[in-house]
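Peer 1: Would you mind keeping the following structure in view while I ask a few things?
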Amino acid sequence: MVVRLVAVLALALAAAPASAVEVLTGTLRSVAERGEIVLGYRESSVPFSFVEGKRPDGSPRAIGYAIDLCGEIADDIQAAIGRPVKIRYAPVTAETRIPAVTSGKIDLECGSTTANAERRKQVAFSPVDYISATQLLVKRGSGIASYRDLGGKTVVVTAGTTNEKAVRDQLARLRIDAQVVTAPDHAASYAMVKAGQAAAFATDDVLLYGLIATDAQDGANYTVLPDKLSYEPYGIMFRKDDPELAEIVSRTFTRLAESRALRWTYERWFLKRLPNGERLDIPMSNDLRVSFQVMGLDTEQ
């Protein structure tokens, strides 16, 4: 029923774009009235959403796995409203991303955001696009081999992430006296470890590997410890209680899964070379493979 409704809306808007806007609701109506879709991006969440160079107008060029997925959703939104609109990119941080979505400042958040029950009280999420876990980055030769070695040391986490609670809970469980501090973004957290202001940086494993891979000068001096503290399923974030947009997001993922474009997009960012020439070499996990299979993609074919 909802799919047929979207098709009818697209035809109606193509025939009479000015008046047909009135039949839209939620984000679709807002996009049609504004004439633009606003995508929220992160500046250093490699390879999901990060800045690489400048656009022709001089603005930062946001690229990445989540940016590509958001671009596909944006295409389907434009098809649904019946005409092309401008795509604008707006930077967000871990702390500002949820308020940016709920306030309407951005329409889609294209980053590395964990889709957990607590956040679902405020926002909605796409199907899972990646599964990560909280781990620790430390300097090689630091003598830190696990969370048990953090006594008397400082651990940095990025403000507004789920990793902070995971780390604090683990330290309390093991009765380890370590100081937990926050930094505004992943790049700043990593910089604190490099500057000796923190002994370890705790965040999602893939983001730590991304920071190491894109740090050509010093990345080899750091390593990610194997201990995993949490299960972190990622998704594209958008406003909740918006059934038209939710249906489009779901259909976009199904389309990408059925065409195998979802797998190819994953391979582009996790297995092939990044713009700086480095590779993450992170094969698709079994859990993510199953998630994609449910959406119609058999990655074993």
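Peer 1: Can you tell me which condition residue 94 does not meet? The list is (1) buried (at least 24 other Cβ atoms within 10 Å of the Cβ); (2) at pLDDT 95 or above; (3) not polar (S, T, N, Q), and all the others hold.
Peer 2: Failing condition for residue 94: (2).
Peer 1: Something else: When you scan the range 249-298, how many residues do you find that are surrounded by fewer than 16 Cβ atoms within 10 Å (Cβ to Cβ) and more than 19 Å from residue 71 (Cα to Cα)?
Peer 2: Summing the residues that are surrounded by fewer than 16 Cβ atoms within 10 Å (Cβ to Cβ) and more than 19 Å from residue 71 (Cα to Cα) in the range 249-298 gives 16.
Peer 1: I've got another one for you. Does the range 242-300 hold any residues that are assigned to a loop (DSSP other than H, G, I, E, B), farther than 30 Å from residue 220 by Cα and touching a residue at least 12 places away in the same chain (Cβ under 8 Å), and which are they? I'd like the intermediate steps shown before the answer.
Peer 2: Step one: of the range 242-300, the residues assigned to a loop (DSSP other than H, G, I, E, B) are 242, 259-260, 271-272, 274-278, 280-285, 295-300.
Of the ones still in play, those that are also farther than 30 Å from residue 220 by Cα are 242, 259-260, 295-300.
242, 260, 295, 296, 297, 299, listed by residue number.
Peer 1: Which of the residues spanning the range 223-248 are surrounded by fewer than 21 Cβ atoms within 10 Å (Cβ to Cβ) and closer than 21 Å to residue 283 by Cα?
Peer 2: Result: 223, 224, 225, 226, 227, 228, 229, 230, 231, 233.
Peer 1: Please verify whether residue 53 is in a helix (DSSP H, G or I), surrounded by fewer than 24 Cβ atoms within 10 Å (Cβ to Cβ) and either assigned by TED's automatic domain parsing to the domain that holds residue 115 or without any contact (Cβ under 8 Å) to a residue 40 or more places away in the chain (or both), treating the condition exactly as stated. Step through it out loud before you land on a result.
Peer 2: Working: in a helix (DSSP H, G or I): no; surrounded by fewer than 24 Cβ atoms within 10 Å (Cβ to Cβ): yes; either assigned by TED's automatic domain parsing to the domain that holds residue 115 or without any contact (Cβ under 8 Å) to a residue 40 or more places away in the chain (or both): yes.
Answer is no for this residue.
Peer 1: Take the range 214-241 and flag every residue that is assigned to a loop (DSSP other than H, G, I, E, B) and among the hydroxyl-bearing types (Ser, Thr, Tyr).
Peer 2: Passing the criteria: 214, 230, 231.
Peer 1: Sort through 123, 155 and tell me the only one that's of a type in the set (A, V, I, L, M) and in the same structural domain as residue 212 (by TED's automatic domain parsing). If you could, list the steps in order and put the result at the bottom.
Peer 2: Details: 123 fails: in the same structural domain as residue 212 (by TED's automatic domain parsing).
Step by step, each of 123, 155 is checked, and only 155 is of a type in the set (A, V, I, L, M) and in the same structural domain as residue 212 (by TED's automatic domain parsing).
Peer 1: For residue 88, indicate whether it is touching a Gly at 6+ places or on another chain (Cβ under 6 Å) and among the basic types (Lys, Arg). Outline the logic, then answer.
Peer 2: On the way: touching a Gly at 6+ places or on another chain (Cβ under 6 Å): no; among the basic types (Lys, Arg): yes.
So residue 88 does not fit the description; no.
Peer 1: Please give the strands (runs of 3 or more DSSP E) falling wholly within the range 59-127 in which 1 or more residues are in contact (Cβ under 8 Å) with a residue 40 or more places away in the chain and among the hydroxyl-bearing types (Ser, Thr, Tyr). First the steps, then the outcome.
Peer 2: On the way: elements: 60-63, 86-91, 108-110, 123-125.
Per the criteria, 86-91.
Peer 1: Sticking with this structure for a sec: If we scan the range 73-82, do we find a residue that is closer than 20 Å to residue 100 by Cα and of a type in the set (S, T, N, Q)?
Peer 2: Filtering the range 73-82 down to residues closer than 20 Å to residue 100 by Cα leaves 73-74, 77.
Right, trim to of a type in the set (S, T, N, Q) and you get none.
No, that holds for no residue.
Peer 1: Mind counting the residues in the range 94-113 that are within 18 Å of residue 50 (Cβ to Cβ), in contact with a Ser or Thr (Cβ under 8 Å, 6 or more places away or on another chain) and of a type outside the set (A, V, I, L, M)? Before you say what the answer is, go through the steps one by one.
Peer 2: Step one: of the range 94-113, the residues within 18 Å of residue 50 (Cβ to Cβ) are 94-97, 100, 106, 108-113.
The next check asks that each one be in contact with a Ser or Thr (Cβ under 8 Å, 6 or more places away or on another chain); those that pass are 94, 97, 110-112.
Narrowing further to those that are of a type outside the set (A, V, I, L, M): 97, 110-112.
Matching residues across the range 94-113 total 4.
Peer 1: What number of residues within the range 140-151 are without any contact (Cβ under 8 Å) to a residue 24 or more places away in the chain and either of a type in the set (A, V, I, L, M, F, W, C) or more than 16 Å from residue 224 (Cα to Cα) (or both)? Before you say what the answer is, go through the steps one by one.
Peer 2: Narrowing the range 140-151 to residues without any contact (Cβ under 8 Å) to a residue 24 or more places away in the chain: 141, 143, 149.
Still in the list and also either of a type in the set (A, V, I, L, M, F, W, C) or more than 16 Å from residue 224 (Cα to Cα) (or both): none.
Count: 0.
Peer 1: Output yes when any residue across the range 80-87 is within 23 Å of residue 210 (Cβ to Cβ), of a type outside the set (Ser, Thr, Tyr), assigned by TED's automatic domain parsing to the domain that holds residue 48 and modelled with pLDDT under 95, and no when none is. Break it down into steps so the answer makes sense when it comes.
Peer 2: Taking the range 80-87 and keeping what is within 23 Å of residue 210 (Cβ to Cβ), we get none.
No, there is no match, as no residue in the range 80-87 is within 23 Å of residue 210 (Cβ to Cβ), of a type outside the set (Ser, Thr, Tyr), assigned by TED's automatic domain parsing to the domain that holds residue 48 and modelled with pLDDT under 95.
Peer 1: While we're on this one: Give me the pairs: first residue in the range 152-170 and basic (Lys, Arg), second residue assigned to a strand (DSSP E or B), beta-carbon distance under 8 Å, and six or more apart or on different chains, which are they?
Peer 2: If the second residue must be assigned to a strand (DSSP E or B), the pairs left are 153/179; 153/200; 168/180.
The values are calculated or read from the model by the stated rules, or taken from the named source; none is laboratory data. Source: prediction; values computed, not measured. Methodologically, a virtual Cβ is constructed for each residue, glycine included, from the backbone with ideal geometry; neighbour enumeration extends over all protein chains shown.
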